[in-house]
Structures are given as structure tokens and as C-alpha cells.
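Chemist: Can you keep this structure in mind? I'll have questions shortly.
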Amino acid sequence: MPASTSASSPVRLGIDLGGSKIEIAAFAPDGVELLRRRIATPKGTYDGTIAALAALVAAVETELRVGAGGATVGIGTPGSLSRATGLLRGSNSVCLNGRPFRDDLAVALGRPIAMSNDANCFALSEATDGAGAGARVVFGVILGTGVGGGIVVDGRVLDGPNGIAGEWGHNPLPWPRDDERPGAACFCGRSGCIETFLSGPGLERDHARAIGAVAAAPRSDGSVAGTTATAVTIGAAAAAGDFAAQQTLARYEERLARALAHVVNVLDPDVIVLGGGLSNLERLYARVPALWGPWVFSDRVDTRLVRNRHGDSSGVRGAAWLGSAAGTASAGR
Ligand SMILES: [Zn+2]
């Protein structure tokens with residue numbers, strides 16, 4: 001049983017709220033993980049989600065003997081809070097949209113809480129004590145089912161008046177070739193978004209098209225009809241010498257280089273940290289920086305491209321660091 005900690009250096013709770021599961025982890029002030037729990041997300045019920053989160057926090061505080069309200073709490077969730085209205089929007093847990101989720105949760109938990117989206121939590125986790133530790137400007141990228149990004153400057157998440165800083169996945173793929181226009185339709189209503197090329201489903205669709213599989217349109221879940229090749233199997237096939245898979249990854253790397261060059265030209269980060277399932281493609285870290293030079297408006301590029309250190313733990317870790325800032329600020333954020 002972990003020792004209880006003093007009020008001056010409280011336990012930090014980080015919550016990763018997903019569509020199917022809620023994960024919570026507790027961290028000591030030095031970042032050591034004390035415990036981790038996971039429950040199913042209540043289906044389609046706003047009040048049920050608030051109640052489940054409150055019960056989860058209470059149970060963890062009891063288990064850690066920190067006393068009710070004794071821990072700081074941060075939460076990462078898909079979507080973002082509107083600064084203008086305080087209402088959540090853009091979450092794929094749609095029952096949360098249009099509701100003052102952070103304020104209602106703060107009331108239920110009896111303390112201020114911090115909330116941000118999953119890409120921001122990832123970037124903060126890696127910037128604090130992960131692959132971007134010590135860097136002034138960190139751009140965190142999620143390459144998974146979707147493509148997201150978050151920016152941390154001097155250890156703080158860059159938010160912005162619209163709450164969308166770093167959200168570059170729905171910009172168009174820059175410097176498109178003729179065969180990349182107009183690009184696949186995206187759920188956001190546009191076509192040719194970076195996400196349609198660089199997400200896992202985007203990679204799979206590109207591969208299927210190249211090898212002539214029947215893959216005109218993705219299914220509603222984003223998977224591709226007519227092929228069983230996934231990002232994982234494409235990566236494995238390329239490593240085993242499969243020429244088509246190697247060509248697919250080469251196209252992917254060249255597109256990622258273009259997309260990140262755009263970010264470097266605007267933000268000029270010290271470090272770009274990759275997360276999400278596709279960050280496990282080890283070859284990206286050598287090949288993409290070898291490709292992005294021609295699109296970066298500089299005679300040399302010193303930005304580092306690195307793999308995340310905390311992997312799937314970054315959601316809860318980043319949320320915990322966010323919550324720590326909210327708990328110590330104490331002013332009404
Ligand atoms: Zn889009």
C-alpha cells in the first residue's frame with residue numbers, strides 16, 4: 001500500500017475518458033505511478049458518466065488513503081471545451097457534447113479540474129518527462145485511427161482562443177501531387193485532409209488501392225473493404241521484404257515529411273514526438289527527417305523527430321500533469 005502524501009504535494013489523478021473505457025491512474029509528485037484502474041464507459045448517458053467518474057475518483061482516493069478531495073484531477077477527452085460557452089464539442093462520446101462537462105465534473109468532485117483533449121495530454125506527458133523532456137517547444141502528434149496534434153511551450157499546453165492549437169490533421173495535405181487531389185472524403189466534410197492520408201485507415205486504403213484490391217470506399221468504422229492488410233501487417237510485410245508494402249510505407253513517409261514540414265515552417269518546434277499506433281513504425285524516425293528538408297524554409301533542419309516514451313500511458317499521464325496545474329492554480333479556471 002503506498003504511503004499517503006502531504007497536502008502540499010498531493011497525489012495527482014489523471015483520467016483518460018474514451019468512448020469504450022475510462023482509465024484512471026494516480027501519480028506521486030515525482031511522477032511515479034501509484035495505481036491504475038480501468039472501467040467501461042457508461043453508454044450514452046451524461047449523468048451516468050459524471051457519476052461513474054465521481055465514484056472512480058472516490059474509490060481511488062479511498063484506496064490511496066489521501067482523503068476525499070485530497071488529490072488533484074485532470075481529464076483528457078476527445079473534443080474540446082468552447083472557451084466562449086464552456087460547453088464540450090466535437091467529442092465522439094456524443095452525449096457529452098453541448099454540456100458543461102468540466103464544470104459539472106468539478107461540482108461532482110468538489111474541486112477544480114483541468115480538461116484537455118487527448119492529443120494535448122499526449123504532448124504534455126511527453127514534454128514533461130517523456131521523449132520531449134527539456135525541450136522548449138514540443139509538437140506531439142497522434143497517428144492512429146485519426147490524426148491529431150498538440151503543442152507544449154515551456155511546459156504548458158498551448159491552447160488558444162479557439163481551443164484548437166495543434167489540430168493540423170484537418171488541414172489539406174501540403175504540396176499535393178496530381179494523383180493526391182482531391183483526396184478521399186473526410187468525416188469533417190472536406191477532402192484530402194492530412195488525416196485521410198496519415199491515419200491508420202488512410203495508410204490501409206492507400207495500400208489497398210496500390211495493390212489493386214477492391215477498396216473504393218472505407219466502411220463506416222474506417223476499415224477498408226476488400227483487403228485484410230492493416231497498418232501492422234503492412235509494416236511487418238515491408239520489414240520482411242514485401243515490395244508493395246515497402247512502396248506504401250515510402251509514400252506514407254514522404255507524405256508525413258511534407259505534412260510535418262508545414263508544422264516546422266509555422267511553429268519551428270525543438271522536438272516532434274509521434275504517438276498512436278503508427279508511431280511503432282521504427283523506420284519513420286530515420287526516413288522522415290531525411291525527406292522533409294526540401295519543404296522546410298531553412299538551409300538545415302535541427303528539429304528532432306522521436307518516438308514517444310510513455311506510449312498508451314500518455315493519456316493518463318498528461319491529464320495528471322494538467323490537473324496538477326489546475327489544483328495549484330486554485331483560481332477559478
Ligand atoms: Zn478532415
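Chemist: Checking Gly148 against (1) at pLDDT 95 or above; (2) within 14 Å of the ligand (Cβ to nearest atom); (3) open to solvent by less than 20 Å² (accessible area, probe 1.4 Å), which test does it fail?
Modeler: Only one criterion in (1) at pLDDT 95 or above; (2) within 14 Å of the ligand (Cβ to nearest atom); (3) open to solvent by less than 20 Å² (accessible area, probe 1.4 Å) is unmet by Gly148, namely (1).
Chemist: Can you go through Leu284, Leu203, Leu291, Leu267 and tell me which one is touching a Ser or Thr at 6+ places or on another chain (Cβ under 9 Å) and at pLDDT 95 or above?
Modeler: Values: Leu284 fails: touching a Ser or Thr at 6+ places or on another chain (Cβ under 9 Å); Leu291 fails: touching a Ser or Thr at 6+ places or on another chain (Cβ under 9 Å); Leu267 fails: touching a Ser or Thr at 6+ places or on another chain (Cβ under 9 Å).
The conditions single out Leu203.
Chemist: Within region 181-195, take every residue that is near the ligand (Cβ under 9 Å from one of its atoms), assigned to a loop (DSSP other than H, G, I, E, B) and of a type in the set (Gly, Ala, Ser) and give me the one that is farthest from Arg209 (Cα to Cα).
Modeler: Gly189
Residue-by-condition table, conditions (1) assigned to a helix (DSSP H, G or I); (2) surrounded by 17 or more Cβ atoms within 10 Å (Cβ to Cβ); (3) modelled with pLDDT of 90 or more:
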residue: Arg37; (1), (2), (3): no, no, yes
residue: Ala52; (1), (2), (3): yes, yes, yes
residue: Val60; (1), (2), (3): yes, yes, yes
residue: Val73; (1), (2), (3): no, yes, yes
residue: Pro78; (1), (2), (3): no, yes, no
residue: Ala84; (1), (2), (3): no, no, no
residue: Arg111; (1), (2), (3): no, yes, yes
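Chemist: Continuing with the same structure: Give the residue, chosen from Ala127, Ala123, Ala133, that is within 18 Å of Trp321 (Cβ to Cβ), at pLDDT 95 or above and open to solvent by 20 Å² or more (accessible area, probe 1.4 Å). Walk me through it before giving the result.
Modeler: On the way: Ala127 fails: open to solvent by 20 Å² or more (accessible area, probe 1.4 Å); Ala123 fails: open to solvent by 20 Å² or more (accessible area, probe 1.4 Å).
Exactly one residue qualifies, and that residue is Ala133.
Chemist: What's the number of the only condition in (1) within 16 Å of the ligand (Cβ to nearest atom); (2) under 19 Å from Arg258 (Cα atoms); (3) in contact with a helix residue (DSSP H, G or I) (Cβ under 7 Å, 6 or more places away or on another chain) that Phe139 fails to meet?
Modeler: Status for Phe139: all satisfied but (1).
Chemist: Also: Determine, yes or no, whether Ala225 is modelled with pLDDT of 95 or more and either open to solvent by less than 20 Å² (accessible area, probe 1.4 Å) or small (Gly, Ala, Ser) (or both). Before the answer, list the steps.
Modeler: Numbers: modelled with pLDDT of 95 or more: no; either open to solvent by less than 20 Å² (accessible area, probe 1.4 Å) or small (Gly, Ala, Ser) (or both): yes.
The answer is no for Ala225.
Chemist: Follow-up question, since we're still on this one. Out of Gly200, Gly183, I need the residue that is closer than 14 Å to Leu143 by Cβ and crowded, with 17+ Cβ neighbours inside 10 Å. Which one?
Modeler: On the way: Gly183 fails: closer than 14 Å to Leu143 by Cβ.
Checking each option against the conditions leaves just Gly200.
Chemist: A follow-up question, please. Take Phe139 and tell me if it is open to solvent by 10 Å² or more (accessible area, probe 1.4 Å), among the aromatic types (Phe, Trp, Tyr) and outside any loop (DSSP other than H, G, I, E, B). Break it down into steps so the answer makes sense when it comes.
Modeler: Values: open to solvent by 10 Å² or more (accessible area, probe 1.4 Å): no; among the aromatic types (Phe, Trp, Tyr): yes; outside any loop (DSSP other than H, G, I, E, B): yes.
Against the criterion (open to solvent by 10 Å² or more (accessible area, probe 1.4 Å), among the aromatic types (Phe, Trp, Tyr) and outside any loop (DSSP other than H, G, I, E, B)), Phe139 does not qualify.
Chemist: What pairs can you find where one residue is in region 282-305 and part of a helix (DSSP H, G or I), the other is at pLDDT 95 or above and β-branched (Val, Ile, Thr), and their Cβ atoms are less than 6 Å apart, with a gap of 6+ or different chains?
Modeler: So the pair list comes out as Gly293/Val301.
Chemist: Sort through Leu203, Leu158 and tell me the only one that's in contact with a helix residue (DSSP H, G or I) (Cβ under 8 Å, 6 or more places away or on another chain) and either within 14 Å of the ligand (Cβ to nearest atom) or of a type outside the set (Lys, Arg) (or both).
Modeler: After ruling out the rest, the residue left standing is Leu203.
Chemist: Hey, another quick one. Among the residues of region 162-178, are any more than 11 Å from the ligand (Cβ to nearest atom) and either of a type in the set (Ser, Thr, Tyr) or touching a His at 6+ places or on another chain (Cβ under 8 Å) (or both)?
Modeler: Initial filter on region 162-178 (more than 11 Å from the ligand (Cβ to nearest atom)): 162-166, 174-178.
Filter once more, so that each one left must be either of a type in the set (Ser, Thr, Tyr) or touching a His at 6+ places or on another chain (Cβ under 8 Å) (or both): 174.
Yes: one or more hits.
The values are calculated or read from the model by the stated rules, or taken from the named source; none is laboratory data. The structure displayed is predicted, hence computed values, not measured ones. Positions of Cβ are generated from backbone atoms using ideal geometry, with glycine treated the same way; all protein chains shown enter the neighbour counts. In case anyone asks, the SASA skips ligands and DNA or RNA and just uses the protein heavy atoms, side chains included. Shrake-Rupley method; radii C 1.70, N 1.55, O 1.52, S 1.80 Å.
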